[in-house]
1. Once the piece of chain linking S82 and D50 is laid out straight, how much longer is it, given 0.36 nm per residue of separation minus the C-alpha distance between them?
2. Which shape class applies to the stretch 4-49: rounded if a/c is under 1.5, otherwise prolate when a/b exceeds b/c and oblate if not, where a ≥ b ≥ c are the square roots of the Cα gyration tensor eigenvalues?
3. Within the chain, what is the longest stretch that has no chymotrypsin sites (Phe, Trp or Tyr not before Pro) placed in a DSSP loop and near at most 15 other beta-carbon atoms within 10 Å?
4. What ranking of K38, K76, K64 emerges when the number of other C-beta atoms within 10 Å of each C-beta is taken as an exposure proxy, fewest first?
5. Return the tail of the calculated pair distribution for the chain, meaning the percent of Cα-Cα pairs more than 18 Å apart.
Amino acid sequence: MERMQLINDFFTGTINDARITTAHISLYFALFYYDSIKDNNGILHAFARDIIPLAKHSSTTYHKCLQDLHDFGYLKYIPSYSSVLGSLIVLGQQSIPGITHAKNA
């Protein structure tokens, strides 16, 4: 998906969504930035330790907002409990190739 389309879709969806706070917005932009420097086109594996400093959040806020964004349909999040492979995060409404068991996948 084109990068600017991810931003446009996010803002279009959040304009009238009272559930979205500045914490959610900063996390989404941190994920967007991380994705852009890794050149992953909206589908990335990331560790909390890499995203938390970018979003300026505590670990608790990071995990809550990430789960919220998933539950609200702004991204897909499949946690990884591996120390080698980060959690799978898909920005926007892109499909996840080969994965059908994830909520909202």
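Only the coordinates and a few stated rules stand behind these numbers; no lab work does. These numbers come from a predicted model, not from an experiment. FYI the Cβ positions are ideal-geometry reconstructions off the backbone, even for glycines, and counts take in every protein chain you see.
1. 10.1 nm
2. Values: a/c = 2.99, a/b = 1.54, b/c = 1.94.
Cα axes put the stretch 4-49 in the oblate bin.
3. Details: sites that count: F47, F72, Y81.
Free of exposed loop sites, the longest segment is 1-46.
4. Numbers: K38 12, K76 22, K64 15.
Listed from fewest to most nearby Cβ atoms, that is K38, K64, K76.
5. Values: 2347 of 5460 pairs.
That tail contains 43 percent of the Cα-Cα pairs.
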